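A quick write-up on the structure given underneath.
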Amino acid sequence: QSRINRQKNKKTNILGSYKDPNHGSDDVVENLVQRLRLYKPTPVSDETQFSVKRAAVLVCIFQGNNGDLRVILTKRSSFLSSHSGEVALPGGKQEETDIDDIQTALREAKEEIGLEPSLVSVVTVLEPIVTKHRMIVVPVVGILSDTKAFDPCPCADEVEAIFDAPLEMFLKDENRWAEEKEWKGEKYLLHYFDYEAENGKYLIWAFTAGVLIRVASIVYQRPPAFLELRPRFWDMAITGDIPKP
């Protein structure tokens, strides 16, 4: 179903860190693409392919003015029934007309923030993550090369704000804290990152933070500077241990 209730975001600082033609180097993006394309995700158990609800998110990376790699994020509308007001990656549930996870992620990104699929070069799809609510979420990683062609247009019903953050921050032990949780007797950590963008202050945490820690680890080819201790249930799509409802 088409979402037509949109609002133009008048703030000029959205994606204010885009790559100016006179700044940065194409080598940065080329190296990024090469690393991501060489990445081989762990195979998923066949039993989990269609047994639960499925969704996809788009990790859209671009090069900033100073040559750093940045990722597009949203703040969900405060009026949504679930995860209202939280920071998220563009994405959503798979629809019957979607042929794969890539199409789901790109379709949702267009509906939520006005990002045309033709502007995104998808380079890899990461291992699916299983949420506590038994939904499989697939991170799709893409590159936005022509940032000036992207005119952010948030869907008013779903998105309150669009901003970008440096990808490398998710490997640093700065402006970060963690909360210890437990699942079936096993402890895990949920990570929280405080970030101040040009258009506001944001808290990036839990699932979204976990995805970006994983992507940053692949891109920069090093582990985070802190104990990650991710939830074991996130990997149930790989092990095939997703419990029946």
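The values are calculated or read from the model by the stated rules, or taken from the named source; none is laboratory data. The model shown is predicted, which means the values in this text are computed figures rather than measured ones. Please note that ligands, DNA and RNA were not included when accessible areas were found on the heavy atoms of the full protein model with its side chains. Shrake-Rupley method; radii C 1.70, N 1.55, O 1.52, S 1.80 Å.
Couple of notes before you dig in:
- Surface calculation, 1.4 Å probe, protein heavy atoms: SER118 sits at approximately 110 Å² accessible.
- Accessible area of the stretch 55-122 divided out per residue, in Å², using a probe of 1.4 angstrom: 41
- Accessible area of the stretch 141-245 divided out per residue, in Å², using a probe of 1.4 angstrom: 48
- Global geometry of the stretch 200-242, whether rounded, prolate or oblate, following the gyration tensor of its Cα atoms and the 1.5 cut on a/c: oblate
- With every protein chain in place and a 1.4 angstrom probe, the accessible-area ranking of TRP177, TRP205, largest first, reads TRP177, TRP205.
- Taking only protein heavy atoms and a 1.4 Å probe, the accessible area of the stretch 87-245 is 49% carbon and sulfur.
- Percent antiparallel among DSSP beta bridges (both partners in the stretch 50-188, rounded to 5): 75
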